[in-house]
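K.L.:
Encoded as structure tokens, here's the structure I'll be asking about.
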Amino acid sequence: MTRTLLAIGAHYDDCPFGIPGTLLRAVQKHQRVVILSLIGDYSNWPPVRGREQGLLDLSKQLAAERGMEMRFLPFKSMGFEPTLATKRAVAEVVADVKPDTAFMLWPRDRHADHEAASAICHAALSQPARLLGRDEVRSPSRVYWYDNGPGHTIGFEPDTYVDVSSEWPAASEWLGRLMAFVRKEEYDPAKNDAAMDTKTVLSRYRGLACGAKYAEALKSVRSVITSDL
């Protein structure tokens, strides 16, 4: 059976920055990949004001070109918090997508949107049936927190690494195209911006920790028993 993966972030770029290689690997393994961004209204974000729909359209287009689906909830930056309504909104996506594996932001972060999204997702992924009052809704069997970079994530100690060396060029291009749109520039593969440079350094660092050229780091929400050793 085809496995389904659900990756959740607060912003349009959280998953393309945090775990792009992991998502690309899942597609190569013929898994269904759905990305959810809680913030779908960017009208209060100056870099794309007046181009908000273009950012959503491009995000969905780039995901689709890579074999993934991207969805947005209607919240604005700093316009949501862990309430019953927001938890249910994410739980509805969990019920619809039926993920086997899910990813969410690490809970300690310098960005309030990230911390709020993590708390909301933790509840929605762990107790979707209780939130929705539907006993048939199941939690994913594996849930991971992901690292979103030194500028945001605080106190993250991974227990799982994904070798994304083969996926690195495609992952870098994905992020680069998003950043170029925000800067109002044409994408130039020879020109990196701060986000791409940060992701490159972070992925090399994670790779050095596990013996890969480039890697992404995760921490399992629940302890996992393995027979691979």
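The values are calculated or read from the model by the stated rules, or taken from the named source; none is laboratory data. Keep in mind the model is a prediction, meaning the values are calculated, not measured. With ideal geometry, Cβ positions are generated from the backbone for all residues, glycine too; neighbour counts draw on all protein chains shown. Calculation scope for accessible area: heavy atoms of the full protein, side chains included, ligands and nucleic acids excluded. Shrake-Rupley method; radii C 1.70, N 1.55, O 1.52, S 1.80 Å.
K.L.:
Hey, VAL182 hits all of (1) under 15 Å from ASP13 (Cα atoms); (2) at pLDDT below 95 but one; which does it fall short on?
P.N.:
Answer for VAL182: the failing condition is (2).
K.L.:
Can you name the residue in region 73-119 that is in contact (Cβ under 8 Å) with a residue 40 or more places away in the chain, in a strand (DSSP E or B) and not β-branched (Val, Ile, Thr) and is also surrounded by the most Cβ atoms within 10 Å (Cβ to Cβ) among such residues?
P.N.:
Here the answer is LEU105.
K.L.:
Still on this model: Of all residues in region 120-142, how many are outside any helix (DSSP H, G or I) and buried (at least 20 other Cβ atoms within 10 Å of the Cβ)?
P.N.:
Total meeting the criteria: 1.
K.L.:
Same structure, new question: Taking the conditions exactly as written (open to solvent by 40 Å² or more (accessible area, probe 1.4 Å), modelled with pLDDT under 95 and assigned to a loop (DSSP other than H, G, I, E, B)), does ASP197 satisfy them or not?
P.N.:
Answer is no for this residue.
K.L.:
So, in region 24-54, how many residues would count as being closer than 22 Å to MET78 by Cα and under 16 Å from the mean Cα position of the chain (by Cα)?
P.N.:
Here the count works out to 6.
K.L.:
Got a sec? Which of ALA215, ALA190, ALA180, ALA171 is open to solvent by less than 30 Å² (accessible area, probe 1.4 Å) and farther than 17 Å from LEU23 by Cα?
P.N.:
ALA180 is the lone residue from the list that is open to solvent by less than 30 Å² (accessible area, probe 1.4 Å) and farther than 17 Å from LEU23 by Cα.
K.L.:
Looking at region 154-163, which of the residues that are in contact with an Asp or Glu (Cβ under 8 Å, 6 or more places away or on another chain) and closer than 13 Å to LEU218 by Cα is most open to solvent (accessible area, probe 1.4 Å)?
P.N.:
That would be TYR161.
K.L.:
Also: Quick check on my filter: what residues within region 13-28 are over 18 Å from ARG204 (Cβ atoms), open to solvent by 10 Å² or more (accessible area, probe 1.4 Å) and either in a helix (DSSP H, G or I) or hydroxyl-bearing (Ser, Thr, Tyr) (or both)?
P.N.:
Residues satisfying the conditions are VAL27, GLN28.
K.L.:
What pairs can you find where one residue is in region 147-173 and closer than 11 Å to ARG25 by Cβ and among the β-branched types (Val, Ile, Thr), the other is open to solvent by 40 Å² or more (accessible area, probe 1.4 Å) and not in a loop (DSSP other than H, G, I, E, B), and their Cβ atoms are less than 9 Å apart, with a gap of 6+ or different chains?
P.N.:
VAL162/ARG25; VAL162/CYS210; VAL164/ARG25
K.L.:
Can you name the condition, by its number, that MET1 falls short on among (1) closer than 20 Å to LYS219 by Cβ; (2) of a type outside the set (Phe, Trp, Tyr); (3) not in a helix (DSSP H, G or I)?
P.N.:
With (1) closer than 20 Å to LYS219 by Cβ; (2) of a type outside the set (Phe, Trp, Tyr); (3) not in a helix (DSSP H, G or I) applied to MET1, the lone miss is (1).
K.L.:
Let me ask another. What are the pairs with Cβ atoms under 6 angstrom where one residue, in region 32-60, is open to solvent by less than 30 Å² (accessible area, probe 1.4 Å) and the other, located anywhere, is of a type in the set (Asp, Glu)? Sequence gap at least six, or different chains.
P.N.:
Within 6 Å, the pairs are VAL34/GLU69; TYR42/GLU52.
K.L.:
Now a separate question. All but one of (1) at pLDDT 95 or above; (2) under 19 Å from LEU24 (Cβ atoms); (3) not in a helix (DSSP H, G or I) hold for PRO189; which doesn't?
P.N.:
(1)
K.L.:
Does LEU218 fit the bill of being part of a strand (DSSP E or B), modelled with pLDDT of 95 or more and not small (Gly, Ala, Ser)?
P.N.:
Yes, satisfied.
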